[in-house]
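Engineer: I have a structure I would like to understand better, so I am pasting it below and will then ask my questions one at a time.
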Amino acid sequence: MKVIVIGAGALGVAVARQLAVAGEDVLLLDQQGAGTGTTATTFAWTNSSRKLDPRYHRLNLAGMQEHARLAEQLPGAPSYFPSGALQWADAAQEQRLADNVERLQSLGYPARWVTRDEASRLAGDLRVPATITSIAHFPGEGYVLPDRFVRNLLTDARQHGATYAIGEVTAIDDGPDRVTVTLAGGETHSGDRAVLATGRWTQRLAARAGIDIPMVTDTGRGAPPVGLIGHARSPEIDLRCVVHSPGLNLRPAGNGHTVLQALDLNAAVDPAHPPTPDGDIATTLARRFRALLTDNHRTPAIDLRIGIRSLPADGHTIAGYASPTSRIYCLVTHSGITLAPILGRLVAAELTTDQAQDLLTAFRPTRFTGPQRPDTETDQHATHLGDQ
């Protein structure tokens, strides 16, 4: 079977790799380059911390477990780190954290309270501020280095026979016997199936094939999909796990570098007018980072990146054929890093066997058709401790 996978972010490459391992004929296409879209600007925290829908929680748990299995199979330097995660709450966030820890413990999700001293040992080169009143540790969580993850997936996919090419898809013809993809230069490719895994561009590209994939598409100032990531090149620190604090989220980025995220600052971020390195947003991010360092004598050097999240309208993964007769499989999720390994395996199984996978039953694109379709989008602003 010939499968054309459109989009070489974490999801698309994971699917392409799994199909290639299964012996299918795979063409992977991306308009700019593997891992250069949404995947390049993700916080990359693997978790199921605030997935309130039980079905979505189970899917994310499976994603966390699949990461460990996949890590043993991929070539290259490690890209997945089961480091655990800490959440530090002040008086304003304490009850929210306590409620979530109780909920997760009732589900059997590893979550425990730790002391300030233990939190300091787990975190590494960070200082726990005096304003922190409670700290929770989630030992099953972790993080991914997205560029390395995509590179390892792509290498393995190509070693198993997948073809990878750069090309902007301008049209998709969902025919009765074949699906045909047309590129910007007029070149066409045909296959038995196509997988649409183009992140925030999914709705627009799906519409060209007559498919309705409802997503949150506003990218104006402070819109829900808009997020800011800071890459701190210095000072180099020994950060040992993911940390969520009231004013700043942090994760290791390799080589002593740190990825920073301040959710409340997203309200001031406008992709049309990116924040400057010496502006208020950059200054605030650097000040908050410096305040958490055990050695805070150096001024941080931080590169800012604006990301546009992939947000299905109801907040949940979309995985499935556009209709019972369609040859186009639609795949989009906000939890792309956590879910890439499990979605890669499950989607490949559905494509190659035509057997529905139980974990994906609740996430079909067909849920948006008919009278069940919601009239409004779910509010997906990420603003609180533990949000993403």
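The values are calculated or read from the model by the stated rules, or taken from the named source; none is laboratory data. Predicted model only: the values in this text are computed from it and were never measured. A quick note on method: Cβ atoms are made from the backbone with ideal geometry, for glycine too, and the neighbour counts reach across all protein chains shown. Surface areas here come from the heavy atoms of the whole protein model, side chains and all, with no ligands, DNA or RNA. Shrake-Rupley method; radii C 1.70, N 1.55, O 1.52, S 1.80 Å.
Engineer: Sum up the charges of everything whose Cβ sits under 11 Å from the Cβ of residue 3, counting Lys and Arg as +1 and Asp and Glu as -1, but leave residue 3 out.
Structural biologist: 0
Engineer: Starting from the amide H of residue 124, placed 1.01 Å from N in the peptide plane, find each other amide H under 5 Å away whose residue is 5 or more places distant or on another chain.
Structural biologist: Amide H neighbours of residue 124, under 5 Å, 5+ apart: 240.
Engineer: Among 177, 212, 90, determine the one that fluctuates most according to a GNM of the chain built with springs between C-alpha atoms less than 10 Å apart.
Structural biologist: Its mean-square fluctuation being the largest, the pick is 177.
Engineer: To the nearest 0.05, what FRET efficiency results for residue 369 and residue 2 with a Förster distance of 30 Å applied to their C-beta separation?
Structural biologist: The computed FRET efficiency comes out at 0.60.
Engineer: For helix 146-159, report the angle its Cα long axis makes with the longest principal axis of the Cα atoms of the chain; keep it between 0 and 90° and round to the nearest 10°.
Structural biologist: 30
Engineer: Hey, another quick one. Which order do peptides 19-26, 202-209, 279-286 fall in by mean Cβ count within 10 Å, highest first?
Structural biologist: Per-residue mean Cβ counts within 10 Å order the peptides as 19-26, 202-209, 279-286.
Engineer: Now for a different question. Under the rule of at least 5 residues apart or a separate chain, name every residue whose amide H is placed under 5 Å from the amide H of residue 321.
Structural biologist: Those lying under 5 Å, H to H, from residue 321 are 330.
Engineer: Another one. Can you compute the helix-only [θ] at 222 nm over the chain? Use -39500 (n - 2.57) per DSSP H run of at least 4 residues, normalise by all residues, nearest 500 deg cm²/dmol.
Structural biologist: Rounded to the nearest 500, it is -8500 deg cm²/dmol.
Engineer: Rounded to the nearest 0.05, what FRET efficiency is calculated for residue 133 and residue 268 with R0 set to 22 Å and r the Cβ-Cβ distance?
Structural biologist: Efficiency, rounded to the nearest 0.05: 0.20.
Engineer: Determine the order of 217, 338 by accessible area, beginning with the largest, at a probe radius of 1.4 Å.
Structural biologist: 217, 338
Engineer: Follow-up. At 0.36 nm per residue, and after removing the present C-alpha to C-alpha distance, how many nm does the segment from residue 121 to residue 99 gain when stretched out fully?
Structural biologist: Contour length minus Cα-Cα distance gives 5.4 nm.
Engineer: A further question on this structure: Which three extents, in angstrom, do the Cα atoms of region 236-329 have along their principal axes, listed largest first?
Structural biologist: Cα extents, longest axis first: 63, 33, 23 Å.
Engineer: If you don't mind, there's one more thing I want to ask. So what J values fall out for region 382-387 if you push phi through Karplus, 6.51 cos²θ - 1.76 cosθ + 1.60 with θ = phi - 60°, rounded to Hz, Gly and Pro as x?
Structural biologist: Here the 3J(HN,Hα) series is 9, 9, 10, 3, x, 7 Hz.
Engineer: Oh, and also: When every alpha-carbon pair in the chain is counted, what percent end up more than 40 Å apart?
Structural biologist: Pairs farther apart than 40 Å: 14 percent.
Engineer: Here is a follow-up. When DSSP beta bridges are limited to those with both residues in the chain, what percentage is antiparallel, rounded to the nearest 5?
Structural biologist: Percent antiparallel among DSSP bridges in the chain is about 70.
Engineer: Enter the angle in degrees (range 0 to 90, nearest 10) between the Cα long axis of helix 10-21 and the first principal axis of the Cα atoms of the chain, meaning the one along which they spread out most.
Structural biologist: Between helix and principal axis, roughly 50 degrees.
Engineer: Note the angle between two axes, namely the Cα long axis of helix 94-106 and the longest principal axis of the Cα atoms of the chain, as a number of degrees from 0 to 90, rounded to the nearest 10.
Structural biologist: 50
Engineer: Using only Cα atoms, figure out Rg for region 190-257 and give it as a multiple of 2.2 N^0.38 Å.
Structural biologist: Ratio of Cα Rg to 2.2 N^0.38 Å: 1.70.
Engineer: I'd like the FRET efficiency for residue 352 and residue 155, computed as 1/(1 + (r/R0)^6) with the beta carbon distance as r and R0 of 22 Å, rounded to 0.05.
Structural biologist: 0.50
Engineer: Rounded, prolate or oblate: which fits region 1-75 when a ≥ b ≥ c are the square roots of the eigenvalues of the alpha-carbon gyration tensor, with rounded for a/c under 1.5 and prolate only if a/b beats b/c?
Structural biologist: Prolate is the answer for region 1-75, as a/c is 1.5 or above and a/b outweighs b/c.
Engineer: What ³J(HN,Hα) values, in whole Hz, does the Karplus curve 6.51 cos²θ - 1.76 cosθ + 1.60 give for region 81-89 when θ = phi - 60°, with x put for Gly and Pro?
Structural biologist: Calculated HN-Hα couplings, in order: 10, x, 7, x, 9, 10, 10, 9, 10 Hz.
Engineer: Which part of region 79-122 falls in the paramagnetic zone of residue 378, meaning amide N under 15 Å from the point 7 Å along Cα-to-beta-carbon?
Structural biologist: none
Engineer: Can you run phi through the Karplus equation (6.51, -1.76, 1.60; θ = phi - 60°) for region 131-141 and list ³J(HN,Hα) in whole Hz, with x for Gly and Pro?
Structural biologist: Per residue, the Karplus-derived 3J(HN,Hα) values read 6, 6, 10, 8, 9, 10, 10, 10, x, x, 8 Hz.
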